[in-house]
1. Can you find a residue that is more than 14 Å from the chain's Cα centre (by Cα), touching a residue at least 12 places away in the same chain (Cβ under 8 Å) and farther than 19 Å from M81 by Cα anywhere in the stretch 172-179?
2. Pull up the stretch 2-21, narrow it to residues that are surrounded by 19 or more Cβ atoms within 10 Å (Cβ to Cβ) and of a type in the set (A, V, I, L, M, F, W, C), then point me to the one that is nearest to M176 (Cα to Cα).
3. State all residues of the stretch 191-216 that are outside any helix (DSSP H, G or I) and either small (G, A, S) or under 19 Å from L167 (Cβ atoms) (or both); if no residue qualifies, say none.
4. Cβ contacts < 6 Å: first residue of a type in the set (S, T, N, Q), restricted to the stretch 127-153; second residue surrounded by 18 or more Cβ atoms within 10 Å (Cβ to Cβ) and assigned to a helix (DSSP H, G or I), any location; separation 6+ or different chain. Result?
5. Restricting to strands (runs of 3 or more DSSP E) lying wholly in the stretch 1-90: which have 3 or more residues that are touching a Cys at 6+ places or on another chain (Cβ under 8 Å), closer than 24 Å to P218 by Cα and touching a residue at least 60 places away in the same chain (Cβ under 8 Å)?
6. In the list G62, G56, G34, which residue meets the criterion of being surrounded by 15 or more Cβ atoms within 10 Å (Cβ to Cβ), in contact with a strand residue (DSSP E or B) (Cβ under 9 Å, 6 or more places away or on another chain) and under 26 Å from L179 (Cα atoms)?
7. Determine the pairs where a residue that is part of a helix (DSSP H, G or I), located within the stretch 222-236, has a partner that is loosely packed, with under 13 Cβ neighbours inside 10 Å and modelled with pLDDT of 90 or more with Cβ atoms under 8 Å apart, the partner being 6 or more residues away or on another chain.
8. For the stretch 227-238, what are the residues that are among the aliphatic types (A, V, I, L, M) and loosely packed, with under 15 Cβ neighbours inside 10 Å?
Amino acid sequence: MIEIEDVHKSFGQNRILAGVNLSVAAGEKLVVLGPSGSGKSTLLRCINRLEEVDSGAIRILGRDIASARRGVHDIRADVGMVFQGFHLFPHMNVFENICLAPQRVRGWDRLETERYARELLERVGMSHKMTAYPSELSGGQQQRVALARALVTAPALVLADEPTGNLDTRTTVDVMALLQQLHAEGVTMVVVTHEEEVAAYCTRRLVLRDGRIVEDSPVTPRDASADLAAMDAARGPA
């Protein structure tokens, strides 16, 4: 799914990535950990070419995105991005936020787009908020909409940058349960976080320090759905 070869990236004199080599197989759920400034978010953004690398190669499904002069948008069509700050369009309601990309990126017709958008919003538990605007939603609700927007073009790969960074504990586990469900259906994921609790729900653990990979190991993931059930049981009836 992803091949990264000897990637370097600096901002001025500040070296962020120092020769990163990494392969991510289709169907993996990789978590990238590391202290602030370790390069984890920059690496994620380079994968989607939101940042240009200084040198090295990045291939997604065999296609070079790091040095491609043409076809970058076609490669990005297979990649969904979830941002920490949500980045929903504030002047569009939930339904409009979801429907924009399939028509612009995939060229779907309006009826096909709206049908699939409704299915996704139902799946993430936000069908009752279709006409709401981002300013009317909680952080957890906005993240659910952001996940639906990332998935609406049916991407093969989802990149998530601190997807639970602004959420409380229960909402964090709720979002990770949704990500685990999507992963079980075959979506490849790369999740950047600084939270060990979030990392526990992934299948492979990567640690960056000073722009280099210092740990790469498999993980037996916790079951987020089971943790949610335990939380609800401990809380008792409403």
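1. Scanning the stretch 172-179, I find at least one residue that is more than 14 Å from the chain's Cα centre (by Cα), touching a residue at least 12 places away in the same chain (Cβ under 8 Å) and farther than 19 Å from M81 by Cα, so the answer is yes.
2. Of the residues in the stretch 2-21, the ones surrounded by 19 or more Cβ atoms within 10 Å (Cβ to Cβ) are 2, 4, 7, 9, 16-17, 20.
Now restrict to residues that are of a type in the set (A, V, I, L, M, F, W, C): 2, 4, 7, 16-17, 20.
Details: I2: 22, I4: 26, V7: 29, I16: 28, L17: 27, V20: 27 Å.
Checked the stretch 2-21; the qualifying residue nearest to M176 (Cα to Cα) is I2.
3. Applying the first criterion (outside any helix (DSSP H, G or I)) to the stretch 191-216 yields 191-195, 200-216.
Listed by number, the residues that qualify are V191, V192, T193, H194, E195, A200, Y201, C202, G211.
4. Qualifying pairs under 6 Å: S127/L121; Q142/P134; Q143/V175; T153/A101; T153/P102.
5. On the way: elements: 2-11, 14-24, 29-33, 55-60, 79-82.
Ranges flagged: 29-33.
6. On the way: G62 fails: surrounded by 15 or more Cβ atoms within 10 Å (Cβ to Cβ); G56 fails: under 26 Å from L179 (Cα atoms).
Unique residue meeting the criteria: G34.
7. Short answer, once both residue conditions are applied: none.
8. We begin by selecting, within the stretch 227-238, every residue among the aliphatic types (A, V, I, L, M); these are 228-231, 233-234, 238.
Once the filter is applied, which keeps residues that are among the aliphatic types (A, V, I, L, M) and loosely packed, with under 15 Cβ neighbours inside 10 Å, the stretch 227-238 yields A229, A230, M231, A233, A234, A238.
The values are calculated or read from the model by the stated rules, or taken from the named source; none is laboratory data. This one's a predicted model, so the numbers in the text were calculated from it and none came from an experiment. Virtual Cβ from ideal backbone geometry, glycine too; neighbours counted across all protein chains shown.
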